[in-house]
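Q: Sharing a structure, written as structure tokens. Questions coming.
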Amino acid sequence: MWVALAFLSAALLGLYDVAKKRALIGNAVMPVLLLNTLFSSLFFLPFIISSVGGFGWFDGTFFDIPQGDFESHAMVLIKSAMVLTSWIFGYYGMKHLPITIVGPINATRPVLTLLGAMLIFGEQLNGWQWGGVLLALFSLFLLSRAGKSEGVDFRNNIWILSVAAAAIVGACCGLYDKHIMRTLDPMFVQGWYTLYQFAMMAVVVAVVWFPKRAEKFFRWSWAIPLISLFLTCADIAYLTALSKEGALIAVVSMIRRSSVIVSFCCGAVLFREKNLRTKALDLLFILLGMILLYIGSR
């Protein structure tokens, strides 16, 4: 069950990346990210109000958010800060790089998560799963070669470094998710972390973007609410998968990176990006890696 949920989350993440790229074209990053956190928090607000007010509107349903103590909220607050940091780096990278490059770079997150999972949680992978990891690493090497033909130097490009920073922080967040999901309810985490994110992002926008809003122009795009919709559904599937008995954070994280298949196809069709044949080979190795991970997790 947790494997199926991980693949569902991956598909939704691909659509999330596409909506994010569309919203960021010619647009300021900070207000787009602020509205993303706003719409996500509004989605969960009725469930939070029901929980805090003791109204019981959603008792016994999937959207029933349990009460949490100070320690539980503190753990979610830390997650919110980590995710928001990763998003800020990732949004800037997505704005300035082709989506057919950003997506495969994000495929390195499970590899980083794997190292942490082995060291911290003592998780072990079988031969099939190791094969999937090695193919993912090889695909990253191919991507760096494809990027050079578009003038993107992986070693010196600030936006590549931004995406890499987002990947590192995101991998750390994945390990932290595995830790907190041992004791916390998925809906409690999802509901409150979106609300805390909006509060944090509002402060960042007020300090960083608002004073310079005339220089960094923002315009409305209907892709912005779609960012929140796809991400919220993807996160629900992800956190529910982690809460299932026997779920491996390394495998779940790797499967979620198959979202690159969706974003790659949309990058080709909607954004008409270049060097698709070369990048398609990279995508093939990622797909093969996902298949090996699926076989190894059955």
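Q: What does the accessible area per residue of region 1-90 come to in Å², with a 1.4 Å probe and no ligands, DNA or RNA counted?
A: 43
Q: Please express the Cα-Cα pair-distance distribution P(r) of region 210-249 as a list of whole percents, one per 10 Å bin, running from 0 to the bin with the greatest distance.
A: Reading the bins upward from 0: 23, 26, 25, 17, 9, 1.
Q: Follow-up question, since we're still on this one. Between H73 and I291, what is 0.36 nm times their sequence separation minus the Cα-Cα distance? Round to one decimal in nm.
A: Answer, rounded to one decimal: 74.8 nm.
Q: A follow-up question, please. Within the chain, what whole-number % of the accessible surface is contributed by carbon and sulfur, with the 1.4 Å probe and all protein chains included in the calculation?
A: 68
Q: Compute the separation of the alpha-carbon centres of region 49-74 and region 191-248 and state it in Å as a whole number.
A: About 21 Å separates the Cα centre of region 49-74 from the one of region 191-248.
Q: Scan the chain and report its longest stretch carrying no GluC sites (Glu not before Pro) that are both in a DSSP loop and have at most 11 other Cβ atoms within 10 Å.
A: By the stated rule (loop sites, at most 11 other Cβ atoms within 10 Å), 1-214.
Q: Any chance you could run the full-extension gain for L161 through H179? It's 0.36 nm times the residue separation minus the Cα-Cα distance, nm to one decimal.
A: Taking 0.36 nm per residue and subtracting the Cα distance, the gain is 3.7 nm.
Q: Once you place label points 7 Å from the Cα toward the Cβ at T61 and V207, how far apart are they in nm?
A: 3.8
The values are calculated or read from the model by the stated rules, or taken from the named source; none is laboratory data. Every value quoted in this text rests on a predicted model; they were computed, and no experiment measured them. As a convention, Cβ positions derive from the backbone with ideal geometry for all residues, glycine included, and neighbour counts pool all protein chains shown. Only protein heavy atoms, including side chains, enter the accessible area calculation; ligands, DNA and RNA are left aside. Shrake-Rupley method; radii C 1.70, N 1.55, O 1.52, S 1.80 Å.
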